[in-house]
Amino acid sequence: ERVHLSPDAREAWVRIRNRLYRVPLAGDGTLDVLDYDLADQRFQDAPFAVSASRHRRAFARDAALTVRADGATDCDIPGADNGFPCAFSDDGTRVLARDAKFVLREFDVDSGKRLALHRGGWCERKWFKSQAGWIGGRPVFVGLPMGGQGEVDIWDVLDNRLLFRIEAAARVPEPDAG
């Protein structure tokens, strides 16, 4: 249902029906079931995020953003209940969550405190698909515009500016009317 590819492309994390699997893509390895009961029923198809170290996972659950770390108690971050996790910072200390209006919230994972609320020009557009992440330690918003020509826009969240656009030859389909 959802897939996260590790930065080194050596493994994928796949979410299928409320279970999280680690799938090795390079060399020898076995399929691991990493997590059960990942989210409540409302968020069964919700996005999740995995830290670069692969030791932290974030997902929407019970009116909060839940961060689960290997060998630690779940950390519920209140104030992120209307957002879905997108990405951990490179060092795993911060996580971005995106809401339905594309507003990004940045949280400190250890304290659970909201560090920033990011709202910019990307919030004024309609997106076919979108994601947030980090480039060089800076939060970015990435979106495929609704009805566009297949381009991908990448926004610098801190400066609220379009960093660059990746052009493509394919047209993005419009959603079904019925």
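Share of carbon and sulfur in the accessible area of the stretch 69-120 stands at 46%, probe radius 1.4 Å. Put a plus charge on the Cβ of each Lys and Arg, a minus charge on the Cβ of each Asp and Glu, and nothing anywhere else: the dipole of the stretch 106-169 about its Cα centre is then about 180 debye.
The values are calculated or read from the model by the stated rules, or taken from the named source; none is laboratory data. Quantities reported herein were computed from a predicted structural model and do not represent experimental measurements. Cβ sites come from the backbone with ideal geometry, for glycine too, and all protein chains shown count toward neighbours. With ligands, DNA and RNA removed, areas are computed over all heavy atoms of the protein, side chains included. Shrake-Rupley method; radii C 1.70, N 1.55, O 1.52, S 1.80 Å.
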